[in-house]
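First up is the structure itself, then whatever we jot down about it.
Coordinate-derived values only; no laboratory data. The model shown is predicted, which means the values in this text are computed figures rather than measured ones. As a convention, Cβ positions derive from the backbone with ideal geometry for all residues, glycine included, and neighbour counts pool all protein chains shown.
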Amino acid sequence: MSVALPQIHMQQLMLRYPTGKTAISGVTLDIPQGQFVYLVGESGAGKSSLMRMLYGGVRPSSGRLMVQGSDMRRAGDAKVRELRRHTGIIFQDHRLLFARTVFENVALPLRVQGWKTERLVPRVRKVLAYVGLADRLWSYPEALSGGEQQRVAIARAMTANPAMIIADEPTGNLDIDTARRVLDYLTDLNRQGTTIIMATHDLHLLESHPGRVVELHAGRLIADSYSAQPKSDT
Ligand SMILES: Nc1ncnc2c1ncn2[C@@H]1O[C@H](COP(=O)(O)OP(=O)(O)OP(=O)(O)O)[C@@H](O)[C@H]1O
Ligand SMILES: [Mg+2]
């Protein structure tokens, strides 16, 4: 990835819910391909709302939002589906299917995309091995710990080789050591070129896993900095 075209471009972005609540207002922000971005801010600041717009879960009310070349105010269902093929989403509550095995949970995005079984099986095995769960293929999610379930959610998000991963408080329910391990996987994917946008309240994670920190307050962008030098001159 030599040219850093902004993968995400926001200009005076605004989101107002049908209730009349303005969750995001006046946000202007560019995110180049390959960045690791933390979205921080108090509860209700608008982190989840901003992320929802990025994967087409909700449409911006005004302003401009371009994601991977798509205008998200105009994107129809087909366009949103296409975009999601290149986007991994991790929710705080992970949303695993408890009636399906770990294997089937991770295979799901590939099945949706019509992958044939002979191609799908090795890919699912590979991503589950990557998150250290190669031996849990045929387990059901309820037999896994919270951290293991979250790793299944990461495996599912990365299985289709997405250009970006949107993670909404993926470490919210985890102890600090488990949270760090989950972040190790995301950092590693980021090093391979995947853009990561992650909402978090766990600011202590920034010490071990630095990145760009974008702070929202009451729907507005109030700070944008790096928790460590993004590049060193050494
Ligand atoms: N579907 C919705 N309909 C109406 N208002 C909503 C909806 N979702 C969120 N809001 C409101 O928009 C504002 C921003 O909410 P959002 O969920 O984006 O905050 P957040 O920063 O993710 O908070 P948290 O850290 O608690 O997850 C809040 O005032 C919230 O009540
Ligand atoms: Mg939220």
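Things to note:
- Ordering 198, 66, 51 by the number of other Cβ atoms within 10 Å of each residue's own Cβ, fewest first, gives 66, 51, 198.
- Once the Cα gyration tensor of the range 9-139 is diagonalised, semi-axes √(5λ) in Å: 32, 17, 14
- Hydrodynamic radius (Kirkwood) for the range 94-161, which is based on Cα pairs only, to one decimal in Å: 11.5 Å
- By the Cα gyration tensor, the chain has an equivalent ellipsoid whose semi-axes, rounded to whole angstrom, run 28, 21, 18 from largest to smallest.
- The chymotrypsin sites (Phe, Trp or Tyr not before Pro) of the range 11-93 include none that DSSP puts in a loop with a beta carbon having at most 10 other beta carbons within 10 Å.
- Annotation for the range 64-151: trypsin sites (Lys or Arg not before Pro) lying in DSSP loop with at most 14 further Cβ atoms inside 10 Å of their Cβ are 74, 95, 100, 116.
- Cα→Cβ-extended label distance, 7 Å offset, between residue 74 and residue 134, nm: 4.8 nm
- Loop-located chymotrypsin sites (Phe, Trp or Tyr not before Pro) across the range 117-186 with a Cβ neighbour count of 12 or fewer within 10 Å are 138, with loop assigned by DSSP.
- Shape of the range 76-211, Cα gyration tensor, a/c cut at 1.5: oblate
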